[in-house]
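Peer 1: Sharing a structure below in structure tokens format, with a few things to ask.
The values are calculated or read from the model by the stated rules, or taken from the named source; none is laboratory data. Not measured: the values here are computed from a predicted model. Methodologically, a virtual Cβ is constructed for each residue, glycine included, from the backbone with ideal geometry; neighbour enumeration extends over all protein chains shown. All accessible areas refer to the heavy atoms of the entire protein, side chains included, with ligands and DNA or RNA removed. Shrake-Rupley method; radii C 1.70, N 1.55, O 1.52, S 1.80 Å.
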Amino acid sequence: KLARKVARVLRVHNRQVTASVLGPDLSHRRTLVHQIPHKPLVLKAIEEEAVSKGISKEKARKRALKYADEIASNISYTNVRFLDVLLTWVWNKIYDGVSVHNLSTLRDVSKDNEIIYVPCHRSHIDYLLLSYVLYHNGIQLPHIAAGINLNMPVVGPILRRGGAFFMRRTFRDNKLYAAVFDEYLHSVFSGGYSAEYFVEGGRSRNGRTLTPKAGMLAMTLRSYLRDSRKQIIFMPVYTGYEKVFEANSYLGELRGAAKKKESLFGVLGTLRSFKRSFGKVSVTFGEPIDLTEFLNAERPDWREQDYSTCDYRPDWAPAVVEKLAHNVVTGINAAASVNPVNLIALSILSAPRQAMDEQQLVQQMEAYRDLLAANPYTAMTVLPEGTGQEWLLYAEKLDAVSRSQHPLGDLIQTSDRQAVILTYYRNNVLHLLALPSLLACLFVNNQRYRADEVQDIVQQLYPYLQAELFLHWQPQQLSQQVEQWLDILVQRGYLLLNDKGYHSTPASSNEHAFLQGLADNVMQTLQRYYLTLSVLRSNQACALNARALEEQCTLLAQRISLLYGINAPEFFDKSLFRTLIQQLLAQGILENTDDQLCYSERLDPLAERLEAILDGALRQSILRSLGERQSRLPDAADA
């Protein structure tokens, strides 16, 4: 009896552990695929498809079945074990190590909840790396949303058996496909399987966290409203690379080359990269976001409503999903880690001609590390170990910078190619230093401010930086953060404080040189803001819509970047101008009348703040270029 009782207990325990590590049992793929066309929402879409396309219901049903077969994953642990062997060889071949941080948080929440991983998307390596880390730590592998472009011969079936399910880039005009995809996701979520998708949509080519695309989050919410028995936890994941695999292709795309379509030959071509080292990779799990708690805070009555009459698309959903998407990308940035290449990029890109004395560069990298250690962005912020000299030698090994020997001391410099690629790694961690960099911008031209004046300027500019960089401080937390950073900058000698207020050290000092470098990290962002306001000022007759304003700002920024040698492609990134315009509208200082943007006097205080901060020569160049541009444009009304 005792033996039978122990065996029974062990069987129950084994089933629980199996469900935790491998996931609950999902129906055989063929059974699942054939069930989807019979679900109520899909049946309704089949009827609509038959009527709208003038086809029989049977043909529409077969089309739905074909969509389901195209989408569904077919996870196989035989395939997973094969991938484990293959990827272990790949990682050892191209990486010097993979470090994992904050894994204990994931272990705590994964026991009784369904986890949806929402990583940043920097490389095709992201989803392979995350699954590899989870597998080696005994955590259930997720079903991964992958673009249909990856469903290519040989590679597609391997990815599908590793947990990938494939989705088309857009299916807004295909209601039947949308219904099938919705139903498949609901089968995964309601079955208790973990999932993974990228809220940024595509890979970031400039290193910044991109504006989220909330489609998958909306589908997740709809599934949860249908069945909320299993708690859903969103787990932001930050992946930090010292050398991204696709750097060369990103460089070409940033310079205007067309995006290359994924192909089997392209995959085989990457095998040549195995001869090079790509440094180390850091994977950090962020703070979990509980969907139930989030909904309770945003819509306390959400459980009391009947959603079946609106296909689980309540009127309040878009606004809630948008806020959830913002929380997710903010959570990704909050989990950022810093590596030596990030510090090299922060330091050398702010130097004239992107070249520095070796010792000065070493000191500047260590100064950045010390600043981040003095007031960490979050408790999860990970900083590199070692010394600046060790980081520099390591960066040279990765071909991030070049060395020129000189009798008075070696110079470290970058080629045009290296400089553009380094902007990618600077952008990875730019948000960590956004606030002290903004403070540095106020003082580099020897301005003097009282503490209350500093607070007022930061409060005015912060909403735009927050929208662009997904900073996590709320307005009520900002004042304390500004005080802390001012104290740290004074303690370290970068600012001076007397009875008249704060001011910078003499321009000839090393401290002022560092302050200038710190300011340059955000200065280009402020220049973009001023450029946008200048374009608006020159079109005061409500003659521009948002798209035309984006286009004019982009063209003008391209011209300024050529004139001033700004090797930062994001300086003329149209999406960043779009984010700024949306935030100006949200702040109520830009008017939108009949889809036309109207200049308002409420823009003047912001423009005056920027004029006081920016270099006079650059401001004049923007205004001159704008005048030349306007003279070549057709009448604004015609545009």
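Peer 1: For the range 317-338, state whether one or more residues are in a loop (DSSP other than H, G, I, E, B) and over 23 Å from GLU511 (Cα atoms).
Peer 2: Filtering the range 317-338 down to residues in a loop (DSSP other than H, G, I, E, B) leaves 335-336, 338.
With over 23 Å from GLU511 (Cα atoms) added as a condition, the list becomes 335-336.
Among the residues of the range 317-338, at least one is in a loop (DSSP other than H, G, I, E, B) and over 23 Å from GLU511 (Cα atoms), which makes the answer yes.
Peer 1: Still on this model: Search the range 564-581 for residues being in contact with a Ser or Thr (Cβ under 6 Å, 6 or more places away or on another chain) and at pLDDT below 90, and hand back the single one that is nearest to THR211 (Cα to Cα).
Peer 2: Out of the qualifying residues, it is LYS574.
Peer 1: Can you tell which of TYR238, TYR250 is more than 18 Å from GLY215 (Cα to Cα), among the aromatic types (Phe, Trp, Tyr), open to solvent by less than 20 Å² (accessible area, probe 1.4 Å) and modelled with pLDDT under 80? Walk me through it before giving the result.
Peer 2: Numbers: TYR238 fails: modelled with pLDDT under 80.
Exactly one of TYR238, TYR250 is more than 18 Å from GLY215 (Cα to Cα), among the aromatic types (Phe, Trp, Tyr), open to solvent by less than 20 Å² (accessible area, probe 1.4 Å) and modelled with pLDDT under 80, namely TYR250.
Peer 1: Let me ask another. Of the conditions (1) part of a loop (DSSP other than H, G, I, E, B); (2) under 22 Å from the mean Cα position of the chain (by Cα), LEU422 satisfies every one except a single condition; which number is it?
Peer 2: Here LEU422 clears every test but (1).
Peer 1: If you don't mind, there's one more thing I want to ask. Considering only the range 349-378, state which residues are of a type in the set (D, E, K, R) and surrounded by 15 or more Cβ atoms within 10 Å (Cβ to Cβ). Give the derivation first.
Peer 2: Kept after step one, since they are of a type in the set (D, E, K, R), are these residues of the range 349-378: 353, 357-358, 366, 369-370.
Matches in the range 349-378: ASP357, GLU358, GLU366, ARG369.
Peer 1: Take TYR449 and decide whether it is crowded, with 18+ Cβ neighbours inside 10 Å, within 30 Å of LEU606 (Cβ to Cβ), in contact with a helix residue (DSSP H, G or I) (Cβ under 9 Å, 6 or more places away or on another chain) and modelled with pLDDT under 95. Steps first, please.
Peer 2: Working: crowded, with 18+ Cβ neighbours inside 10 Å: yes; within 30 Å of LEU606 (Cβ to Cβ): yes; in contact with a helix residue (DSSP H, G or I) (Cβ under 9 Å, 6 or more places away or on another chain): yes; modelled with pLDDT under 95: yes.
Yes, satisfied.
One line per residue, one yes/no per condition, for (1) more than 27 Å from LEU349 (Cβ to Cβ); (2) surrounded by 15 or more Cβ atoms within 10 Å (Cβ to Cβ):
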position: GLN455; (1), (2): yes, yes
position: GLN480; (1), (2): yes, no
position: ASP499; (1), (2): yes, no
position: LEU533; (1), (2): no, yes
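Peer 1: For ASP594, all conditions in the list (1) crowded, with 20+ Cβ neighbours inside 10 Å; (2) modelled with pLDDT under 80; (3) under 17 Å from ASN545 (Cβ atoms) hold save one; what is the number of the exception?
Peer 2: Against the list (1) crowded, with 20+ Cβ neighbours inside 10 Å; (2) modelled with pLDDT under 80; (3) under 17 Å from ASN545 (Cβ atoms), ASP594 comes up short only on (1).
Peer 1: Out of everything in the range 30-88 that is among the hydroxyl-bearing types (Ser, Thr, Tyr) and within 22 Å of GLY163 (Cβ to Cβ), what residue ends up being modelled with the highest pLDDT?
Peer 2: Per the criteria, the residue is TYR67.
Peer 1: For the range 382-410, which positions are acidic (Asp, Glu), open to solvent by 40 Å² or more (accessible area, probe 1.4 Å) and either closer than 19 Å to LEU422 by Cβ or assigned to a helix (DSSP H, G or I) (or both)? Step through it out loud before you land on a result.
Peer 2: The initial filter retains those residues of the range 382-410 that are acidic (Asp, Glu), namely 385, 390, 396, 399, 410.
Those left that are additionally open to solvent by 40 Å² or more (accessible area, probe 1.4 Å): 385, 390, 396, 399.
Hits for the range 382-410 are GLU390, GLU396, ASP399.
Peer 1: While we're looking at this one, here's another question. Considering only residues that are of a type in the set (Phe, Trp, Tyr) and touching a residue at least 60 places away in the same chain (Cβ under 8 Å), look in the range 275-305 and name the one that is surrounded by the fewest Cβ atoms within 10 Å (Cβ to Cβ). Full working, then the answer.
Peer 2: Taking the range 275-305 first, the residues of a type in the set (Phe, Trp, Tyr) are 278, 285, 294, 302.
This time we only want the ones that are touching a residue at least 60 places away in the same chain (Cβ under 8 Å), so: 278, 285, 302.
Values: PHE278: 21, PHE285: 25, TRP302: 19.
Ranking the candidates gives TRP302 first.
Peer 1: Let me ask you something else. Checking the conditions here, which among GLN527, GLN476 is exposed (fewer than 14 other Cβ atoms within 10 Å of the Cβ), out of contact with any Cys (no Cβ under 8 Å at 6 or more places or on another chain) and either in a helix (DSSP H, G or I) or not acidic (Asp, Glu) (or both)?
Peer 2: Details: GLN527 fails: exposed (fewer than 14 other Cβ atoms within 10 Å of the Cβ).
Testing whether each residue is exposed (fewer than 14 other Cβ atoms within 10 Å of the Cβ), out of contact with any Cys (no Cβ under 8 Å at 6 or more places or on another chain) and either in a helix (DSSP H, G or I) or not acidic (Asp, Glu) (or both) leaves just GLN476.
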